[in-house]
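Some notes on the structure that comes next.
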Amino acid sequence: MKKILGSVLSLALGLLFGFFGVMNSVFSDGPMDERLVIIAVILAIFGLLGLLLGFFFSEIHITAAILLVVPGIVFLTLFLFSELYLLILLYMVLLVLISFVSVKLGHHIHGRTRKYH
């Protein structure tokens, strides 16, 4: 049951932040410096979400990372053929790296805290 809950929660958070965060950051109008700040905040949010998912659902940490990041990547792919091609590719790579590393870190922290109980 915990695996199903973790998977559903990961996908729901991925869809929510993928649509309202990632997609909004590239489809909205505004100066580039504002967009870069928004992208940095979104990457930090994905890092925090990954850390929490990896900690609380450590048995599905890889699945959680995939379900968290895929919606954002899909939304970025929709925008890939615009004038910001290289920035979008960098954004995709950072989104995947931060999500996977933070979920793995949460899993690692969870394992270390369980040793001391």
Legend entry - Complete set of residues in region 1-13 that are aliphatic (A, V, I, L, M) and surrounded by fewer than 12 Cβ atoms within 10 Å (Cβ to Cβ): MET1, ILE4, VAL8
Inset, instruction - Out of the residues in region 19-37 that are surrounded by fewer than 17 Cβ atoms within 10 Å (Cβ to Cβ) and among the hydrophobic types (A, V, I, L, M, F, W, C), state the one that is nearest to GLY72 (Cα to Cα). - result: PHE19
Inset, instruction - May I ask you to list the residues in region 73-98 that are modelled with pLDDT of 90 or more and either of a type outside the set (A, V, I, L, M, F, W, C) or in contact with a Phe, Trp or Tyr (Cβ under 8 Å, 6 or more places away or on another chain) (or both)? - result: LEU95, ILE98
Inset, instruction - Only residues that are among the polar types (S, T, N, Q) and over 23 Å from LEU5 (Cα atoms): list them for region 47-96, please. - result: THR77, SER82
Legend entry - Residue list for region 57-107, filter: part of a helix (DSSP H, G or I), free of Cβ contacts under 8 Å to residues at least 12 places away in the same chain and not β-branched (Val, Ile, Thr): TYR85, LEU86, LEU87, LEU89, LEU90, LEU97
Inset, instruction - Quick one: LEU16 ticks every box in (1) out of contact with any helix residue (DSSP H, G or I) (no Cβ under 8 Å at 6 or more places or on another chain); (2) buried (at least 19 other Cβ atoms within 10 Å of the Cβ) except a single one, so which number is it? - result: (2)
Inset, instruction - Please report, ordered by residue number, the helices (runs of 4 or more DSSP H) entirely within region 1-56 with at least 1 residues that are in contact with a Lys or Arg (Cβ under 9 Å, 6 or more places away or on another chain). - result: 24-27, 32-56
Legend entry - Sole exception among (1) surrounded by fewer than 18 Cβ atoms within 10 Å (Cβ to Cβ); (2) in contact with a Leu (Cβ under 9 Å, 6 or more places away or on another chain); (3) modelled with pLDDT of 90 or more for LEU48, by number: (2)
Legend entry - Restricting region 57-69 to residues that are over 15 Å from LEU95 (Cβ atoms) and surrounded by 16 or more Cβ atoms within 10 Å (Cβ to Cβ), the residue that is modelled with the lowest pLDDT: HIS61
Legend entry - Unique residue being over 10 Å from the mean Cα position of the chain (by Cα) and aromatic (Phe, Trp, Tyr) when the list is PHE79, PHE17: PHE79
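The values are calculated or read from the model by the stated rules, or taken from the named source; none is laboratory data. If you're wondering where the values come from, they're calculated on a predicted model, not measured in any experiment. All Cβ positions, even for glycine, are placed from backbone atoms using ideal geometry, and neighbour counts span all protein chains on display.
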